[in-house]
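Peer 1: Have a look at this one.
Here, each number is a calculation from the coordinates, and none is a lab measurement. The model shown is predicted, which means the values in this text are computed figures rather than measured ones. Note that each Cβ is placed from the backbone with ideal geometry, even for glycine, and that neighbours are counted across all protein chains shown.
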Amino acid sequence: MKVSARNVFKGQVSKVEEGAVNAEVALTLPGGEQLVAVVTMESVRNLGIAVGQEAVALIKAPWVMLMTDASDIRLSARNCLEGTVVSVNHGAVNAEVVIELAGGTKVFSIVTREAVEELRLAQGARATAVIKASHIILGMPA
């Protein structure tokens, strides 16, 4: 599968919590980290999403927000993944920041150069990738 999303995470469905319209689907990544996605119940049925199945989470890099010094902040975003900055690639306006999670998964984010400076994002810095559950697109193997 070739997609334009910079973040393509393979994992296993570990939880499906069904609601009237939407469902929360938890995906466990190979390093043990969890992503929670919100999808419609129609998507759950059409894709056959069930606990134990392999799935793919797609997240465009601009949908990944970054923060540092997150110890005293609580957010409504379901996914806050802590890691270490492994690279920062500066462009004219934006920069691509790559964070490696403890389990080895790399998360790609596109933020402004101003944000990189303000957050002091540089190789070796600790940072948290923040991803809203509604920004995760799930795919299932055919």
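Peer 1: May I ask you to evaluate 6.51 cos²θ - 1.76 cosθ + 1.60, the Karplus curve with θ = phi - 60°, for each residue of the range 112-124 and list the ³J(HN,Hα) values in order in whole Hz, giving x for glycine and proline?
Peer 2: Ordered by residue, 3J(HN,Hα) equals 6, 4, 4, 5, 4, 5, 4, 8, 6, 7, 8, 3, x Hz.
Peer 1: Starting from 0 in steps of 5 Å, tell me what percent of the Cα-Cα pairs of the chain lands in each bin.
Peer 2: 2, 10, 20, 21, 19, 13, 8, 5, 2, 0
Peer 1: Is any residue of the range 114-142 close enough, with backbone N under 19 Å, to a label point placed 7 angstrom from the Cα of N46 along the Cα-Cβ axis, and if so, which?
Peer 2: Once the point is set 7 Å along Cα→Cβ of N46, 134-142 turn out to lie under 19 Å by backbone N, inside the range 114-142.
Peer 1: Counting only C-alpha contacts under 8 Å and six or more residues apart, can you give the relative contact order of the chain as a whole percent?
Peer 2: Computed value for the chain: 28 percent relative contact order.
Peer 1: Follow-up question, since we're still on this one. Can you compute 3J(HN,Hα) from phi for each residue in the range 86-103, using the Karplus curve 6.51 cos²θ - 1.76 cosθ + 1.60 with θ = phi - 60°, rounded to whole Hz and x for Gly and Pro?
Peer 2: Going residue by residue, I get 9, 6, 9, 10, 7, x, 5, 10, 10, 9, 9, 10, 10, 10, 9, 7, 4, x Hz, with x marking Gly and Pro.
Peer 1: Same structure again: Check N22: other-chain or 5+ apart residues with amide H under 5 Å from its amide H, H built from backbone geometry?
Peer 2: Excluding prolines and chain starts, which carry no amide H, the hits are M41.
Peer 1: Using just the helices of the chain, give the 222 nm mean residue ellipticity in deg cm²/dmol: DSSP H runs with n ≥ 4 each add -39,500 (n - 2.57), and the total is spread over all residues, rounded to 500. It would help to have the intermediate numbers written out before the result.
Peer 2: Numbers: 2 runs with 14 residues, N = 142.
It comes out at -2500 deg cm²/dmol, rounded to the nearest 500.
Peer 1: Under a 5 Å amide H to amide H cut-off, with H placed in plane at 1.01 Å, what residues pair with V111 once short-range neighbours are removed?
Peer 2: Counting only residues 5 or more places away or on other chains, the set is A95, V97.
Peer 1: What percent do you get for the relative contact order of the range 61-131 when only Cα pairs under 8 Å and 6+ apart count? Intermediate results must be reported in sequence, preceding the final value.
Peer 2: Working: 146 pairs, mean separation 33.0, N = 71.
Rounded, it is 46 percent for the range 61-131.
Peer 1: Run the paramagnetic zone check for V21: 7 angstrom along Cα to Cβ, then residues of the range 102-142 with backbone nitrogen under 15 Å.
Peer 2: Taking a point 7 Å out along Cα→Cβ of V21, the residues of the range 102-142 whose backbone N falls under 15 Å are 134.
Peer 1: Taking amide H positions as placed 1.01 Å from N in the peptide plane, with prolines and chain starts having none, which residues 5 or more places from L66, or on another chain, fall under 5 Å of its amide H?
Peer 2: The answer is V130.
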